[in-house]
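The values are calculated or read from the model by the stated rules, or taken from the named source; none is laboratory data. Bear in mind the structure is a predicted one, so any value in this text is a computation, not a measurement. Counting neighbours? That spans all protein chains shown, and the Cβs are built from the backbone with ideal geometry, glycine included.
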C-alpha cells in the first residue's frame with residue numbers, strides 16, 4: 001500500500017472517530033436539554049395540596065365543606081361531592097338545587113356531573129324533584145354501566161337508590177317566575193354575579209389526585225327540556241389526573257360549541273398555566289360564538305401542582321380558593337372585555 005493511501009485511510013479513520021464523538025456529545029447535550037433539564041425542573045416543582053377552587057361567591061361555603069374532607073386526608077371525589085351538596089341545599093341560591101329558578105313552564109329541572117381521578121364520570125340532566133343531583137350523578141358513575149341519565153329515567157333511578165322526592169320550587173323562585181311570565185319582554189336574564197347559573201368545584205387531595213363536580217338548575221326561564229353544558233363531560237367539566245381539571249360557568253350553549261373544559265385541560269397539557277389555558281379557551285369560545293359580546297362564559301382550572309387560574313369574557317366573574325396557603329378567599333377573574 002502506498003504512503004499516500006495509508007495517510008488517506010488514517011485521516012479518514014481519525015475523522016470518523018471525531019465525527020462519532022461529536023455526534024455522541026451532541027446527542028448527550030440534546031438528551032439533557034429535552035429530558036434531563038426539563039424533567040428535573042418538573043420534579044423539583046413544589047406541589048401545593050390539598051387545594052379546592054369553585055365558581056362564584058357561593059363557592060366559599062362549598063369550599064369549606066370540601067375542605068373538611070380534604071383536611072382529614074379524604075379523597076378529592078368525596079370532597080367535591082360534599083362541597084357542592086351544600087350549594088344544592090341552599091334555598092337562597094337561585095341557580096343551583098333547591099330554590100333554583102324554573103324553566104318557562106315553571107318547573108325546576110337540575111343538571112349535574114362528577115368526574116374522578118381515574119377518568120370515571122357520571123351525569124344527570126333534566127332531573128326533577130331531587131335535591132342532590134350531584135349524588136345521583138355519582139351513583140350513575142359507580143353503579144351503572146352508563147355516563148348519563150336524563151329526565152324520567154334519571155328520577156326513577158334516583159328514587160330507586162333511596163333519594164327522597166322534594167319540592168324544589170321555593171316561594172321566592174315561584175314569585176320571580178310569575179313576575180317574569182307577566183312581563184312583556186320575557187327576556188333571559190344575564191348570566192352575571194346575580195344569576196350565577198352554576199357551581200363548579202375542583203379539588204386536589206393529599207394523594208395528588210384530582211376530581212371535579214358541576215351542578216346547576218340551568219338558565220332561568222329556559223325552554224322546557226333545555227340542557228346546558230353543566231352535565232356534559234368535556235363541556236362543563238373535565239378532569240385528567242395527569243394534567244389538571246377545569247369547570248365552566250356562563251352561557252352553556254357557547255361552552256358546548258367549544259367543548260370548553262376539555263379544551264382548557266388540553267391547553268394545560270401543552271404546558272400552559274391554568275390561567276393561560278382558561279384564556280385560550282375563552283378565545284376559542286369567542287371564535288365560535290359571534291354574539292360573544294352579549295354573553296358570559298368563564299372557566300376555572302386547577303393543575304397537578306395545585307396551581308389555579310381563571311378567565312372570562314365579561315367582567316364580574318370571581319372564584320373561591322382554599323388551600324394550606326390561602327384561607328378561603330375570592331379571586332377576581334381577568335376578563336376579555
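Summary table below
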read-out	value
Residues located in region 167-184, provided they are within 28 Å of the chain's Cα centre (by Cα) and in a loop (DSSP other than H, G, I, E, B)	168, 169
Count - residues of region 137-153 that are over 23 Å from the mean Cα position of the chain (by Cα) and either surrounded by 14 or more Cβ atoms within 10 Å (Cβ to Cβ) or not assigned by TED's automatic domain parsing to the domain that holds residue 122 (or both)	2
Counted residues, region 289-302 - those being surrounded by 17 or more Cβ atoms within 10 Å (Cβ to Cβ), more than 18 Å from the chain's Cα centre (by Cα) and not in a loop (DSSP other than H, G, I, E, B)	1
Among the candidates 111, 90, residue that is outside any helix (DSSP H, G or I), touching a helix residue (DSSP H, G or I) at 6+ places or on another chain (Cβ under 8 Å) and closer than 22 Å to residue 327 by Cβ	90
All positions within region 206-224 that are at pLDDT 95 or above and either in contact with a strand residue (DSSP E or B) (Cβ under 8 Å, 6 or more places away or on another chain) or not in a loop (DSSP other than H, G, I, E, B) (or both)	210, 211, 212, 213, 214, 215, 216
Unique match (being in the same structural domain as residue 57 (by TED's automatic domain parsing), in a loop (DSSP other than H, G, I, E, B) and within 19 Å of residue 239 (Cβ to Cβ)) among 319, 305	305
Candidate set from region 265-288 (those that are in a helix (DSSP H, G or I) and closer than 13 Å to residue 308 by Cα); member that is nearest to the chain's Cα centre (by Cα)	265
Candidate set: region 111-135, residues that are closer than 21 Å to residue 245 by Cα and without any contact (Cβ under 8 Å) to a residue 60 or more places away in the chain; chosen: the one surrounded by the most Cβ atoms within 10 Å (Cβ to Cβ)	122
